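Here the structure is laid out as structure tokens; the discussion comes afterwards.
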Amino acid sequence: MRVIVTSDHHLGYANSDKAAFNAFLDELAQENDLTHFVLLGDVVDMWRRDASGVFLEAQDTVKKILALKSKGVQVFYVAGNHDYHVLDLNNPNYPITFSKELTLNDGPVTYRFVHGYEFDPEQKVPFMRFLCRVMSDAGGALENQIWVDFNSLNNIFSKIEPSFVKADIAAIAAKLQRGPEVRLKDSLSKINSRACQEAKPGEVLIFGHTHIPFINKAENVVNTGSWVKDSDPHNTYVELVNGKPRLFIFGPPKKEITERKDWSEGEDDEKTSSTATTTTQKALSKLRNIFSPK
Ligand SMILES: [Mn+2]
């Protein structure tokens, strides 16, 4: 059993390195020992592009993924926050099935795959769904229909929660639409230490989302990184063999990341958070209260 995992390609986004990912898929097609290929979310970017158009545009990539499947490789697609909408694509005739998380057993070891928004307190499912659905290429991405929808959403919020104003929604939207390289700068160690606490005995936990690839010292928590040029390094992938993870940067030249990180202590993010985010934090906590099941 040999598993390859990639995430956060953000296909459709201007800085997505689609050419490199296509080349990577071509290389995988040449390999004979690959048994499982896991796409770990944010493969297409439905927050920035039309949810259906982005698949048409990426059909060359989709074809390469399906070619692996035809070769007998088991292909899995775990939804991320930027492509959460794929969970609604449940037609059994579709060539790819989508899931919220995935577990695979390799002898005594269980590999558990999640995208990682689960560890990011700013990501809430209603917002993820919403942002995937409002994008349309017709108006030139996000500044268009989204504000119309936000306004109508705001009216609903105002009725439920009078203190929730347009500025709150705008602040959340603006913050969430920023790339993780910027948005998660302050909370990265918190997300990573949360992930490290989540890993159960006998399990290797694999996640993406932050665009910062790593393997922890215990080698039971792995982040897949990204295929977005904004991140350094990018074009990273994880290989799982006999319960052991390895992390590589796709070449040329191919390079292994051998450093092991310890996130278990988790630096105090609060100290480093800028006060500029306070308004957004307040708005988010209001939104959380509205959406939280009571
Ligand atoms: Mn993500």
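Side notes on the structure shown:
- Any hit, the stretch 257-275, residues being within 23 Å of Gly41 (Cα to Cα), modelled with pLDDT of 95 or more and in contact with a Phe, Trp or Tyr (Cβ under 8 Å, 6 or more places away or on another chain): yes
- Of all residues making up the stretch 71-85, the number that are without any contact (Cβ under 8 Å) to a residue 40 or more places away in the chain and within 16 Å of the ligand (Cβ to nearest atom): 2
- Lone unmet requirement of (1) within 16 Å of the ligand (Cβ to nearest atom); (2) at pLDDT 95 or above for Leu68: (1)
- When Thr103 is tested against (1) more than 14 Å from the ligand (Cβ to nearest atom); (2) under 17 Å from Ala199 (Cα atoms); (3) in contact (Cβ under 8 Å) with a residue 60 or more places away in the chain, only condition (3) is not met.
- Residue match in the stretch 41-57 (condition: assigned to a loop (DSSP other than H, G, I, E, B) and more than 19 Å from Arg129 (Cβ to Cβ)): no
- For first residues located in the stretch 209-223 and at positive phi and in a loop (DSSP other than H, G, I, E, B), partners that are β-branched (Val, Ile, Thr) and modelled with pLDDT under 95 and lie 6+ apart or on another chain with Cβ distances below 8 Å form the pairs His209/Ile191.
- Considering the conditions (1) part of a strand (DSSP E or B); (2) more than 16 Å from the ligand (Cβ to nearest atom); (3) under 27 Å from Pro233 (Cα atoms), Leu34 is excluded by exactly one of them, (1).
The values are calculated or read from the model by the stated rules, or taken from the named source; none is laboratory data. Since this is a predicted model, take the numbers as computed values, not measurements. Backbone-built Cβ (ideal geometry, glycine too); neighbour counts: all protein chains shown.
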